[in-house]
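Heads up: the structure comes next, in structure tokens.
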């Protein structure tokens, strides 16, 4: 018999999996619909990587994806494992891409955490190999 906590974790994982599916299909409006209006979306600041940093609200998240698309051609974006703990969903995966301005590539594992509130993404943070990404942006 499933407990309420188990069902909630599965629902939270499904919210995140749906967001990844929207991203992979290029459906950014769909992904934005799965976010709270006051979402905080981010990663560590990296002055060499134009999309690194923190974005606020759906408008900020849209700006993040516009900036990302303007700078990266992905060759791989693979969420592989999903773990839930309360309202947090952790995703281990791999991504690789080419920086459009330098034609240099990067490829490394990532860890992402999503906080879910009332069935929507409240916050997001990504841990990536910032050195690998910065090197790909360096001419």
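Looking for something modelled with pLDDT of 95 or more, surrounded by fewer than 15 Cβ atoms within 10 Å (Cβ to Cβ) and part of a loop (DSSP other than H, G, I, E, B) - is there at least one such residue anywhere in the stretch 4-23?
Looking through the stretch 4-23, none of the residues is modelled with pLDDT of 95 or more, surrounded by fewer than 15 Cβ atoms within 10 Å (Cβ to Cβ) and part of a loop (DSSP other than H, G, I, E, B).
Got a number for residues in the stretch 15-50 being in contact with a strand residue (DSSP E or B) (Cβ under 7 Å, 6 or more places away or on another chain) and within 15 Å of residue 66 (Cα to Cα)?
Total meeting the criteria: 3.
Could you grab me the full set of residues in the stretch 95-114 that are under 21 Å from residue 41 (Cα atoms) and surrounded by fewer than 18 Cβ atoms within 10 Å (Cβ to Cβ)?
96, 108, 109, 111, 113
Looking at the stretch 43-69, which of its residues are surrounded by fewer than 18 Cβ atoms within 10 Å (Cβ to Cβ) and more than 19 Å from residue 22 (Cβ to Cβ)?
Correct list: 44, 45, 46, 47, 48, 50, 53, 54, 56.
The values are calculated or read from the model by the stated rules, or taken from the named source; none is laboratory data. These numbers come from a predicted model, not from an experiment. Heads up, the Cβs are rebuilt from the backbone with ideal geometry, glycines too, and the neighbour counts pull from every protein chain shown.
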